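We did not get these values from a lab; they are worked out from the coordinates using the rules stated. Note that the structure is predicted; figures quoted are calculated from it, not measured. Cβ sites come from the backbone with ideal geometry, for glycine too, and all protein chains shown count toward neighbours.
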Amino acid sequence: MLSALKKYLLLPKLAKLSSNAPKDPRVAWDQYWGRVGATGARGDVLWDSGSDHELQAYLEHLTRQLDPNIPIVDVGCGSGVFSRALVAYFPYVLGVDVSANAVSRAAAESEGLERVSYVAADMTAPAGTRTVAVALAAAGFSGEANIFIRGVFHVLKRPSQAALAGQLHTLVGKRGRVFLSETNFRGNPIQYVSHLGATLHSIPGPLEKAIRALPIPGRFGAEQRRRAFPEARWDVVEDGPVTIETRPLTSVDRPEQIPGYFAVLQAR
Ligand SMILES: C[S@@+](CC[C@H](N)C(=O)[O-])C[C@H]1O[C@@H](n2cnc3c(N)ncnc32)[C@H](O)[C@@H]1O
């Protein structure tokens with residue numbers, strides 16, 4: 001009881017930290033990516049564990065359910081950490097992010113790597129889908145693409161989630177499929193930050209940077225997916241629980257684990 005109460009004393013601290021975050025999420029993301037330091041296990045980026053352990057768990061679904069002969073678009077690619085890993089399994093990877101700073105970083109971290117490129121676009125808008133189609137055509141691919149999307153739906157508000165899913169419908173066509181993997185933490189923001197090591201006395205650096213700069217995330221599980229991907233337009237090929245890994249926060253080398261949700265979807 002006492003520890004639960006203590007947790008709630010964190011509320012004013014969190015409110016103060018997040019009070020200067022830009023209200024427009026697109027501005028917030030671009031500022032975040034422009035200011036944040038290194039990526040990886042010792043870096044500043046909360047959701048970058050620096051390990052391929054989480055991806056290994058996805059490969060079973062990606063290799064079994066997605067057509068390996070068409071490109072894959074990593075939507076909300078951030079620093080491109082997953083885009084680079086996906087090159088081994090698909091003929092071409094296009095990373096797309098609303099933040100031009102994220103895209104510059106992803107391109108710099110991918111220097112010398114073939115069959116991967118990046119573009120900046122807001123994927124909740126039809127112009128984003130057109131930008132992706134043009135970039136794929138320039139790389140010699142036309143028509144359908146697979147989609148990989150990690151940790152993006154849970155940072156969007158409900159109307160933007162539906163808008164994003166609508167844009168993905170256009171991109172996948174008949175052959176492409178969507179693989180999504182999202183944080184699905186059952187608890188309020190105080191419980192969430194406590195789970196990631198925040199106490200009244202200290203907040204791990206990468207978590208504090210995210211709180212200061214970014215919109216407050218929500219959760220994205222089966223219920224939220226049903227709303228964003230209506231049954232009339234999408235078939236769920238498979239779905240279930242996954243574990244999302246973050247940068248180590250409460251120890252030197254062990255990533256924190258967040259309950260997550262994955263789904264493989266096909267357009268009707
Ligand atoms: C939590 S990060 C995940 C980054 C990356 N997928 C990963 O797992 O390392 C969410 C990413 O989504 C991007 N994003 C947010 N809204 C977006 C939008 N409307 N269109 C495209 N990207 C978006 C952000 O800029 C950010 O890079």
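Any idea what the relative contact order of the chain is, in percent, if you count C-alpha pairs under 8 Å spaced at least 6 apart?
23 percent
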Mean residue ellipticity at 222 nm from the helices of the chain, using -39,500 (n - 2.57) per DSSP H segment of n ≥ 4 over the full residue count, to the nearest 500 deg cm²/dmol?
-11500 deg cm²/dmol
Largest fluctuation, Arg64, Arg212, Arg150 only, Gaussian network model of the chain with Cα springs under 10 angstrom, belongs to Arg64
Over all directions, average the projected area of the Cα convex hull of the range 156-217 and note it in nm².
5.6 nm²
Acute angle (nearest 10 degrees) that the helix 53-65 long axis makes with the longest principal axis of the chain, alpha-carbon atoms:
30 degrees
Ranked output for segments 11-18, 107-114 by mean other Cβ atoms within 10 Å, highest leading, reads 11-18, 107-114
DSSP beta bridge pairing in the chain, given as percent antiparallel to the nearest 5
55 percent
In nm, the gap between the two label points placed 7 Å beyond Cα toward Cβ at Ala127 and Lys157 is 1.9 nm
The chain, Gaussian network, Cα under 10 Å: of Gly128, Gly78, Gly95, the residue fluctuating most is Gly128
Mean-square fluctuation check for the chain, GNM, Cα pairs under 10 Å: which of Leu55, Leu168, Leu86 is largest?
Leu55
The chain: angle of helix 126-138 to the longest principal axis, Cα-based, in degrees nearest 10:
50 degrees
Please return the longest stretch of the chain lacking exposed loop sites, where chymotrypsin sites (Phe, Trp or Tyr not before Pro) count only if DSSP places them in a loop and at most 16 other Cβ atoms lie within 10 Å.
142-268
With axes computed from alpha carbons, what is the tilt in degrees of helix 158-172 against the longest principal axis of the chain, rounded to the nearest 10 within 0 to 90?
30 degrees
Which shape class applies to the chain: rounded if a/c is under 1.5, otherwise prolate when a/b exceeds b/c and oblate if not, where a ≥ b ≥ c are the square roots of the Cα gyration tensor eigenvalues?
prolate
Using only the Cα atoms of the range 7-94, construct the convex hull and provide its projected area averaged over every direction, in square nanometres to one decimal.
8.1 nm²
Taking just the alpha carbons, could you work out the radius of gyration and Dmax for the range 83-125, both in angstroms?
10.4, 31
Shape call for the range 1-47 from the C-alpha gyration tensor, a ≥ b ≥ c root eigenvalues: rounded (a/c under 1.5), prolate (a/b greater than b/c) or oblate?
oblate
Pairs on different chains or at least eight residues apart, Cα atoms closer than 27 Å: how many lysine pairs in the chain fit?
14
